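Undergrad: Right, I'll just put the structure down here and ask away after.
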């Protein structure tokens with residue numbers, strides 16, 4: 001979809017009859033098929049945007065519940081995380097390696 005101003009320019013150059021579709025396309029940096037399409041159109045119609053579902057819509061209910069349960073600002077959440085990041089969430093004895101080998105076992109403690 002081209003802007004209305006470009007549509008008007010295509011129509012104007014086509015009405016003058018001096019330039020071919022290819023020449024108009026080169027002047028306006030368009031494809032010749034685009035120029036012929038818009039030169040033949042009697043009126044310009046805007047493309048209607050379609051309402052699409054967000055990929056995150058499936059997670060919206062849980063995020064809303066979290067926000068209602070823990071009404072922290074971003075700064076409060078960050079400071080709370082910083083204060084707790086030195087405390088392991090899982091006891092060291094229950095931590096496992098990467099699953100492929102045991103060579104990283106020294107990093108778990």
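Undergrad: Starting with the fewest neighbours, write out 14, 31 ranked by other beta-carbon atoms found within 10 Å of each beta-carbon.
TA: 31, 14
Undergrad: Determine, for 18, 10, the number of other Cβ atoms within 10 Å of each Cβ, and report the residues in order from fewest to most.
TA: Fewest-to-most ranking of 18, 10: 18, 10.
No value in this document is a laboratory result; all are computed from the given coordinates. Keep in mind it's a predicted model, so treat the numbers as computed, not measured. Heads up, the Cβs are rebuilt from the backbone with ideal geometry, glycines too, and the neighbour counts pull from every protein chain shown.
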